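One structure is given below, encoded as structure tokens.
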Amino acid sequence: MDNDKKLKELFDDLKGQWDTEEPAFSHENRFLAKLEGKQKKKKNRLATMFAPVAATIALMLGIWFIYSQSPAQDETIGKLPPKVAQTQEYFTLVIEKELAKVENEDSPETKQLVKDALYRMSVLEKDYEKLTEELLKKGENKKIIHAMITNLQTRISFLEEVLTQIENIKKIKDNYNENNNI
């Protein structure tokens, strides 16, 4: 009986402090829309589950592509002047590392960005191969060597910019999800 008395006193003390207002008319519609969105997200889990598998396959194909061409590159590097070959090896390692990071970020939101980045990287690689051929034909030429180094630096800067854009896309997606889950 003592508990009943304490409860009654508590409710008497809080009288007039209760929120008895009804929510706005559109509140139910917004709630139902969010609920439907969560149910759709559950359906997309299957696609989300396979995204890492697809990214892994893309990464492995990229690595295979890089290493399948390495014997020809080794022959070319051997023909280049020693300082040029050493610079090329250093930049190539950095580029491969950055390229692997980009390929790992392949997701539905970034798929087009990654695809475009890989295409642009292949164009820059072809340009570099032309410069290498020209260097081998004409011999040591400062302008060609400078163009080669600029090409390598451009590739690294480009990959870093792509990674920054991917991070921005992730942040926007996270902010969007946080705002919609409130």
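No value in this document is a laboratory result; all are computed from the given coordinates. Remember, predicted model here, so these are calculated numbers, not experimental data. Positions of Cβ are backbone-derived with ideal geometry, glycine not excepted, and every protein chain shown enters the neighbour counts.
Going down the list K97/K170; K111/K171; K34/K111, which pairs span over 18 Å between their C-alpha atoms? Before the final figure, lay out each step's value.
Working: K97/K170 21 Å; K111/K171 16 Å; K34/K111 26 Å.
Going by Cα-Cα distance, K97/K170; K34/K111 fall outside the 18 Å limit.
If I model a spin label as a point 7 Å beyond the Cα along the Cα-Cβ vector, how far apart are those points for L10 and V123 in nm?
The modelled label-to-label distance comes out at 7.0 nm.
What is the spin-label model distance, in nm, from K101 to D2 if the labels are put 7 Å beyond Cα along the C-beta direction?
Result: 6.7 nm between the two label points.
Given 0.36 nm per residue, what is the gain on full extension from K143 to S26 after removing their alpha carbon distance, in nm? All intermediate terms of the calculation are to be shown ahead of the outcome.
Numbers: separation 117, 0.36 × 117 = 42.12 nm, distance 6.76 nm.
Residue separation times 0.36 nm, minus the Cα-Cα distance, leaves 35.4 nm.
By the scheme Lys and Arg +1, Asp and Glu -1, what is the net charge of all other residues having a beta-carbon under 14 Å from that of T87? All intermediate terms of the calculation are to be shown ahead of the outcome.
Details: positive: K83, K142, R155; negative: E89, E140.
Summing Lys and Arg as +1 and Asp and Glu as -1 gives +1.
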